[in-house]
Amino acid sequence: MSILQILAPFDGWCGTLDEVPDPVFAGRMLGDGVAIDPTTGILVAPCAGEIVALPASAHAVSIRTAQGIDVLVHIGVDTVQLGGRGFDARVRPGASVRAGDELIRFDLDVVARGAKSLMTPILVTPMDGLRLQQRRAPGLVSSGEVLFEIAGVETRTPPPRAANAPKEEAAAGHTLIVTLRHGLHARPAALLAQRAKAFGAQASLSAHGRTANARSVVAIMALGVRQGDELSIQASGADAQQSVASLVAGIQEALRMESAAGQGAAPDSSRTASDSSKSASTIAPRSTPAAGVLGGVIAVPGIAVGRATRIERREIAVAEHGADSGRERAELEQARINVRMRLERVAATGGATRREIIAAHLEFLDDPQVNEAAHELIAAGKSAGFAWRTAIRRSISALQALKDSRLRERVDDLLDVESHVLLALAGEARPMNIPLPERAVLVADDLLPSELTALDRARLVAICLSGGGATSHVAILAAAMDIPMLVGLGSGIRDIADGATVIVDADAGTLQTAPAAPAIEQARAAVESRLMRRAKTLAEAQIECRALDGTRVEVFANLGNVTDAAVAVAHGAEGCGLLRTEFLFIDRETAPTEAEQLAAYQDIAVALGPRPMILRLMDVGGDKPLRYLPLPAEDNPALGLRGVRTALAHPDLMRTQLRAALRVRPAGNVRLLIPMITDAAEILAVRGVIDELEAEIGIADRVELGAMIETPAAALMASGLIREVDFLSIGSNDLTQYTLAMDRGHPELAGRTDALHPAVLKLVAAAAGAGAAAGKMVAVCGGVAADRLAVPLLLGLGVRELSVVPAAVPAIKRQIRSLRINDCRELALRCLDLASPGEVRAQAAEMLESLGDMQ
Ligand code: PEP
Ligand code: MG
């Protein structure tokens, strides 16, 4: 046969490739063919053959004919970004199909709304000596009619293809210089791997002459990419271009996260400078240690006196050879499933830090490089346990060979995952409770994250490791648990007798291994007074907050989940000033249902007890895209469809959330807050929907509604906006970014994106003034509310509610109690006319110092 006919895969308008708004297709970079604007949503096979590519997103399909010719149908342009929404694959890769067989169904409306264009190229990829003839003239075409013929078919030999290897339909690449301060460490690696997994294309990263599978966190870390290194991103497959673009965007996202986490915070920590009062530090000991004193690196500051305690770590023996490779493979898979379920259970009960660390462990558990290596070893006759251990150890060796200590610190995480799986293979699980004697100072060479969480927290007073790193996950966990910790103490700690009394001074970076009685007494007194000071601040935090002159100021907490709520209550928060509900919406394949949302909000309301809960409607879109929401790509997401704009563009999503929020009990405690407002019409549109839903549900008392002041427009229009709402809440993070035209995540502008810029203060003054005139509450829920230099200024401008990270509540309350509103007002008025945020900070510092508040 010398001619092959390619048929229309659906009804529509047939045109040329020039009409496809994508240079890859229009420029014939992938091959030649025609394009159809479809009028039906059923795609049938344009020829007989085998399905060689059909990504999970089902937006494209590639068929290889018996003659080895590949025909690609790519539904619309930029449709990969829909993440499968609106598409339904009716066949699987590898299936044999006849011309006219149904391959994909798609919802024309959904796809049309989310795609740049519906113009669908039908291509021969690549042309390699083939010729197209009898091309159909532009006009209407019906499914099954001939689109073109391929001549020269007999000269073609099918390209060799490894079993299951995806077809390379397109290639794309990009080279960049990595500017991340700590290079591609664990967190950016995980971010990139997740992005790579969202595409059908095979993507790889190359640096230093080595190449890594972009879906493997372990492989990416093992590249050892550091700041200033050149990184090349390559992808092949139908959505190669999009995959590369997404990986480049991933690096930018990592940069934003890095700068948001602050200069001093540990890069792999889930804690950010603004979200925690503590941070793992890498401060070296201050002085050369004397005899009987070991010097180490401070991982978590603090002081403790206790007994040196060692815990046993059991070696898990594994047989080298396996019985039957099929069974070994199945056992490994089952063990991984068991470990996954167990880790997910543990994550659900822990705080944010533990959840993030477990998320990293789950990445390692599913890492394609580790799993492929284990499967190869099983195929070569090894047991599941031996294969898993060997695969993990290979990755560990690769990390240990790197110069970067931050990457070497991930070795503990891999060892943790190794032992979880080996124990699961043996039908066991890690002990959840490791007993300790009273006032135990754990002394060890190293400690795994899961070992730390299994230790009896009530008896553990400090951790001292001969090795380890200050930014390891175990150090981050210890910081979250508030346990003083020293690392890098050297082999000297092996000489400490079990049960010996030691003094850990993790403020100075020293461990006294044989302290004399007076030193022990002194250290105990220091621990005691520290505990008392902390207990006093915490106890006072439970009391309603008033300034020195009696003015009531509410101190609320910003929350993301129920664990935060419990921490907030324990720290004396008087309510939730900002529930960031978007965390429920992002990082999932489908939107949360009304029942799921109601359950999540209700749990938080229960944890808050009688305290108010200000629930912010989802602030998604922009730089917080949703996989299930067809949002077009935006050149400037911060200025695009986000906040209330996204909600109004997707009324179903908004209605579901509102219905869930309105059903939370007790109803009177819930207030709603609308993000990213620019004018009153947006508020009225949301209020209209709320009114409708309240009538539908049978709610008589209107829910209180607030508007966020995050744009200069909203601040300047505040006196009009406040007529339509019950309160205003100033989002200083965004207000600063939009006022100063500086991206809040830009690393080089981080030092200048200061909410105490007089221009921002003037906008805060406008909003607070509008609130005062209307007799309505104006709050600040952005990061500036927890900045001690900002507190007197905000109060002076008229703000009467501050909402801060839960751990900051006690200190903010203590500070407010020392302030007189009149002094604050004078300070604020002076500062409005200053020339720079630096001058404002200097004035505020001077005032606080005069009050003896040196902190
Ligand atoms: C803000 O912009 O200050 C704010 C509180 O909202 P988010 O930080 O969630 O954007
Ligand atoms: Mg905001």
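Can you find even one residue in the stretch 626-646 that is within 16 Å of ligand 1 (Cβ to nearest atom), in contact with a Leu (Cβ under 6 Å, 6 or more places away or on another chain), closer than 29 Å to residue 255 by Cα and in contact (Cβ under 8 Å) with a residue 24 or more places away in the chain? No, because not a single residue in the stretch 626-646 is within 16 Å of ligand 1 (Cβ to nearest atom), in contact with a Leu (Cβ under 6 Å, 6 or more places away or on another chain), closer than 29 Å to residue 255 by Cα and in contact (Cβ under 8 Å) with a residue 24 or more places away in the chain. For the stretch 313-329, the tally of residues that are open to solvent by less than 70 Å² (accessible area, probe 1.4 Å), in contact (Cβ under 8 Å) with a residue 12 or more places away in the chain and not polar (S, T, N, Q) stands at 5. Put simply, of 4, 43 the only residue that is in contact with a strand residue (DSSP E or B) (Cβ under 8 Å, 6 or more places away or on another chain), touching a residue at least 60 places away in the same chain (Cβ under 8 Å), outside any helix (DSSP H, G or I) and closer than 23 Å to residue 589 by Cβ is 43. Out of all the residues in the stretch 587-599, which are closer than 16 Å to residue 624 by Cα and open to solvent by less than 40 Å² (accessible area, probe 1.4 Å)? Listed by number, the residues that qualify are 591, 592.
Of the residues making up the stretch 208-235, those that are open to solvent by 10 Å² or more (accessible area, probe 1.4 Å) and without any contact (Cβ under 8 Å) to a residue 60 or more places away in the chain number 9.
Within the stretch 27-40, if we keep just the residues that are open to solvent by less than 20 Å² (accessible area, probe 1.4 Å) and not hydrophobic (A, V, I, L, M, F, W, C), the residue that is nearest to residue 170 (Cα to Cα) turns out to be 31. Answer with yes or no whether residue 805 is within 32 Å of the chain's Cα centre (by Cα), closer than 30 Å to residue 181 by Cα and modelled with pLDDT of 95 or more. The answer is no for residue 805.
Out of 498, 549, one residue alone is part of a loop (DSSP other than H, G, I, E, B) and within 23 Å of residue 302 (Cβ to Cβ). It is 498.
Considering only residues that are open to solvent by 40 Å² or more (accessible area, probe 1.4 Å), part of a helix (DSSP H, G or I) and in contact with a Gly (Cβ under 9 Å, 6 or more places away or on another chain), which ones fall in the stretch 648-691? Passing the criteria: only 649.
Looking at 324, 367, which one is closer than 27 Å to residue 467 by Cβ, among the acidic types (Asp, Glu) and at pLDDT 85 or above? Being closer than 27 Å to residue 467 by Cβ, among the acidic types (Asp, Glu) and at pLDDT 85 or above holds for just one of 324, 367, which is 367. Here 45, 58, 35 are screened, and the one residue that is touching a Phe, Trp or Tyr at 6+ places or on another chain (Cβ under 6 Å) and closer than 22 Å to residue 103 by Cα is 58.
Here residue 529 meets the list (1) touching a Lys or Arg at 6+ places or on another chain (Cβ under 7 Å); (2) surrounded by fewer than 17 Cβ atoms within 10 Å (Cβ to Cβ); (3) polar (S, T, N, Q) almost entirely, failing just condition (1). Would you confirm whether any residue within the stretch 195-207 is open to solvent by 10 Å² or more (accessible area, probe 1.4 Å), assigned to a loop (DSSP other than H, G, I, E, B) and not hydrophobic (A, V, I, L, M, F, W, C)? So far as the stretch 195-207 goes, yes, one or more of its residues are open to solvent by 10 Å² or more (accessible area, probe 1.4 Å), assigned to a loop (DSSP other than H, G, I, E, B) and not hydrophobic (A, V, I, L, M, F, W, C). Restricted to helices (runs of 4 or more DSSP H) entirely inside the stretch 706-756, those with at least 3 residues that are within 14 Å of ligand 2 (Cβ to nearest atom) and touching a residue at least 40 places away in the same chain (Cβ under 8 Å) are 712-716, 732-740. Checking each residue in the stretch 72-98 for being assigned to a strand (DSSP E or B) and open to solvent by less than 40 Å² (accessible area, probe 1.4 Å) picks out 72, 73, 74, 77, 87, 97.
Of all residues being at pLDDT 85 or above and touching a helix residue (DSSP H, G or I) at 6+ places or on another chain (Cβ under 6 Å) in the stretch 420-445, which is nearest to residue 303 (Cα to Cα)? Just the residue, please. The selected residue is 443. Checked against the criteria, residue 492 counts as among the small types (Gly, Ala, Ser) and either buried (at least 17 other Cβ atoms within 10 Å of the Cβ) or farther than 17 Å from residue 304 by Cα (or both). Among the residues making up the stretch 793-824, a single one is open to solvent by 10 Å² or more (accessible area, probe 1.4 Å) and of a type in the set (Ser, Thr, Tyr): 818.
Of the residues making up the stretch 377-419, not one is modelled with pLDDT under 90, hydroxyl-bearing (Ser, Thr, Tyr) and open to solvent by less than 10 Å² (accessible area, probe 1.4 Å). Among residues of the stretch 474-492 that are closer than 11 Å to residue 449 by Cβ, those with a Cβ under 7 angstrom from a residue that is polar (S, T, N, Q) and buried (at least 24 other Cβ atoms within 10 Å of the Cβ), sequence gap 6+ or separate chain, pair up as 476/269. Go over the candidates 838, 852 one by one and state the one that is assigned to a helix (DSSP H, G or I) and open to solvent by 20 Å² or more (accessible area, probe 1.4 Å). Unique residue meeting the criteria: 838.
Within the stretch 330-376, the set of residues being among the aliphatic types (A, V, I, L, M) and open to solvent by less than 20 Å² (accessible area, probe 1.4 Å) comprises 332, 335, 339, 343, 347, 357, 358, 365, 370, 373, 374. Being acidic (Asp, Glu), at pLDDT 95 or above and over 23 Å from the mean Cα position of the chain (by Cα) is true for just one of 694, 710. Which residue is that? 694 is the lone residue from the list that is acidic (Asp, Glu), at pLDDT 95 or above and over 23 Å from the mean Cα position of the chain (by Cα).
Identify the single condition in (1) under 30 Å from residue 569 (Cα atoms); (2) more than 16 Å from ligand 2 (Cβ to nearest atom); (3) touching an Asp or Glu at 6+ places or on another chain (Cβ under 7 Å) that residue 794 does not satisfy, given that it satisfies every other one. For residue 794, the failing item is (3). Whether a residue is more than 14 Å from ligand 1 (Cβ to nearest atom) and surrounded by 20 or more Cβ atoms within 10 Å (Cβ to Cβ) was assessed, and residue 568 passes this test. Of everything in the stretch 771-787 that is assigned to a helix (DSSP H, G or I) and more than 16 Å from ligand 2 (Cβ to nearest atom), the residue that is least open to solvent (accessible area, probe 1.4 Å) is 771. When restricted to residues that are surrounded by 14 or more Cβ atoms within 10 Å (Cβ to Cβ) and either farther than 19 Å from residue 294 by Cα or not aliphatic (A, V, I, L, M) (or both), the stretch 504-521 contains 7. Being in contact (Cβ under 8 Å) with a residue 24 or more places away in the chain, over 17 Å from residue 774 (Cβ atoms) and either away from ligand 1 (no atom under 16 Å from the Cβ) or surrounded by 22 or more Cβ atoms within 10 Å (Cβ to Cβ) (or both): is that true of residue 697 here? Yes: the conditions hold for residue 697.
Checked against the criteria, residue 790 does not count as within 15 Å of ligand 1 (Cβ to nearest atom), open to solvent by less than 10 Å² (accessible area, probe 1.4 Å) and over 29 Å from residue 817 (Cα atoms).
The values are calculated or read from the model by the stated rules, or taken from the named source; none is laboratory data. A quick note: this is a predicted structure, and the numbers were derived from the prediction, not measured. Counting neighbours? That spans all protein chains shown, and the Cβs are built from the backbone with ideal geometry, glycine included. Ligands, DNA and RNA are excluded from the accessible area calculation, which covers all protein heavy atoms including side chains. Shrake-Rupley method; radii C 1.70, N 1.55, O 1.52, S 1.80 Å.
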